[in-house]
Amino acid sequence: PWYTQNEDFHRYWLDSMKEMIDKFEPDLLYSDGALPFHLYWGAEKTDDSNPYAEGLEAVSYLYNKSIEKYGENRAVYNQKERAKEVYSVGILDIEKSQLSEISSDVWQTDTCIGNWFYDVRQDYKTPGHIIEMLVDIISKNGVMLLNILQRPDGSIDKEAVYILEELEKWFKICAEAVYETEPWRVAAEGDSAVIINKFEEDRVAWRDSDFRFVKKDNFVYAYVMAAPESRVSVIKSFTENEKIKSVTLLGHGKVEFSQAFGVLTVKLPAEMPTSYTNCLKIEL
């Protein structure tokens with residue numbers, strides 16, 4: 001684009017970003033593309049130019065303002081360039097898709113309950129679909145930025161309210177398996193997986209042999225992606241050296257279990273705590 005080759009525009013963009021940061025003091029700054037003005041955006045690089053200069057200055061300004069306000073940096077910068085040397089200045093963002101494996105760096109999926117803008121003709125994702133996406137994402141060291149659609153007057157419709165209320169119910173049960181967790185040594189067990197393709201977010205037909213894992217302290221949290229009709233879950237990802245002390249079904253309480261050669265067998269109650277994805281808290 002013409003503007004990425006125009007130094008005056010670069011300076012105008014940078015000044016606008018600084019003005020916005022000063023006025024709104026954002027906790028999150030998002031570039032819908034690469035770090036400006038990377039070659040990905042069409043900039044022409046010469047021997048004496050740095051195509052990242054304005055972008056880096058804007059991110060630095062954001063972080064320094066946050067330090068001034070809080071005594072530490074609490075601001076987050078998101079952008080979509082997948083080169084590590086670029087996204088390391090902030091967080092890698094993947095729009096309406098995700099990574100296929102655990103990443104050593106935290107990354108983000110940004111998605112929406114329907115379309116990016118309010119559209120009465122657009123179907124919304126179900127609460128269950130959103131929860132399954134979230135669980136799969138955090139098992140790989142990702143986070144989810146979820147867009148809730150607003151009408152032109154700023155209000156949200158009944159279906160959006162329903163989604164938020166259902167998510168609230170689920171988080172009351174499973175929040176401890178989301179917040180302050182990190183990836184376990186494996187993200188997943190089972191053959192079902194999301195399709196990694198740009199802007200493709202079809203719901204997965206999960207099986208009762210599918211699990212997603214995260215950990216915190218001496219606990220592994222195993223998300224049961226589909227509750228077995230037999231109400232017996234079998235998890236094969238533990239080793240013989242990982243001796244399990246107890247198993248708790250979040251929202252229910254302790255449940256019976258046995259372990260042989262590492263394989264964990266758990267007896268689940270007839271009535272599960274949530275009709276969405278349930279979670280086992282496994283103490284090692």
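The values are calculated or read from the model by the stated rules, or taken from the named source; none is laboratory data. If you're wondering where the values come from, they're calculated on a predicted model, not measured in any experiment. In this analysis, Cβ positions are derived from the backbone assuming ideal geometry, glycine residues included, and neighbour counts consider all displayed protein chains. For the accessible areas, the whole protein counts, side chains as well, though only heavy atoms, and no ligand, DNA or RNA atoms are used. Shrake-Rupley method; radii C 1.70, N 1.55, O 1.52, S 1.80 Å.
Would you compute, for the Cα atoms of the chain, the largest minus smallest coordinate along each principal axis and list the three values in descending order, in whole Å?
67, 46, 38
The stretch 175-218: which chymotrypsin sites (Phe, Trp or Tyr not before Pro) are DSSP loop and have at most 14 other beta-carbon atoms within 10 angstrom?
Taking the stretch 175-218 and a limit of 14 other Cβ atoms within 10 Å, the loop chymotrypsin sites (Phe, Trp or Tyr not before Pro) found are 179, 199.
Calculate what fraction, in whole %, of the accessible area of the chain sits on carbon and sulfur atoms when a 1.4 Å probe is rolled over the protein chains.
The value for the chain is 49 percent carbon and sulfur by accessible area.
For the chain, take the longest principal axis of its alpha carbons; what is the angle in degrees between that and the long axis of helix 158-174, to the nearest 10 within 0 to 90?
Once rounded, one gets 60 degrees.
Any idea what angle helix 7-24 forms with the longest principal axis of the chain, computed on alpha-carbon atoms, 0 to 90 degrees, nearest 10?
Helix 7-24 and the main axis of the chain meet at about 50 degrees.
Please report the antiparallel percentage of the DSSP beta bridges confined to the chain, to the nearest 5.
Working: 29 of 44 bridges.
Bridges in the chain are about 65 percent antiparallel.
At most 14 other Cβ atoms within 10 Å and a DSSP loop assignment: could you name the trypsin sites (Lys or Arg not before Pro) in the stretch 118-212 that fit?
For trypsin sites (Lys or Arg not before Pro) across the stretch 118-212 that sit outside H, G, I, E and B with at most 14 neighbouring Cβ atoms in 10 Å, the list reads 121, 185, 198, 203, 207.
Where does the charge balance sit around residue 238 when Lys and Arg score +1, Asp and Glu -1, over other residues with C-beta under 13 Å from its C-beta? Numbers along the way, then the final one.
Values: positive: 185, 215, 236, 243, 245; negative: 189, 240, 242, 283.
The answer is +1.
Less than 13 Å Cβ to Cβ from residue 251, Lys/Arg counted +1 and Asp/Glu -1: what total charge do the surrounding residues give?
Summing Lys/Arg as +1 and Asp/Glu as -1 gives +2.
Among the listed pairs 236/281; 84/215; 23/80; 96/281; 125/216; 18/84, which are separated by more than 18 Å between their Cα atoms?
With Cα atoms farther than 18 Å apart: 84/215; 23/80; 96/281; 125/216; 18/84.
Relative contact order of the chain, please, whole-number percent, based on alpha carbon pairs below 8 angstrom and at least 6 residues apart. The partial results should precede the final answer.
On the way: 503 pairs, mean separation 34.1, N = 284.
Dividing the mean separation by the residue count of the chain yields 12 percent.
How much accessible area per residue does the stretch 193-284 have, counting only protein heavy atoms and a probe of 1.4 Å, in square angstrom? Before the final figure, lay out each step's value.
Details: 4920 Å² over 92 residues.
For the stretch 193-284, the solvent-accessible area averages 54 Å² per residue.
I need the chymotrypsin sites (Phe, Trp or Tyr not before Pro) found in the stretch 45-128, filtered to DSSP loop residues with at most 16 other beta carbons within 10 Å of theirs.
Values: sites: 52, 61, 63, 70, 77, 87, 107, 116, 117, 118, 124; in loops: 52, 116, 117, 118, 124.
Answer by residue number: 116, 117, 118.
Around residue 84, with a cut-off of 15 angstrom between Cβ atoms, what is the net charge of the other residues, counting Lys and Arg +1 and Asp and Glu -1? Can you show the working numbers first?
Numbers: positive: 80, 82; negative: 81, 85, 93, 101, 105.
Residues near residue 84 contribute -3 overall.
Would you mind checking the tilt of helix 127-138 against the longest principal axis of the Cα atoms of the chain, expressed as 0 to 90 degrees and rounded to 10?
The angle comes out at about 80 degrees.
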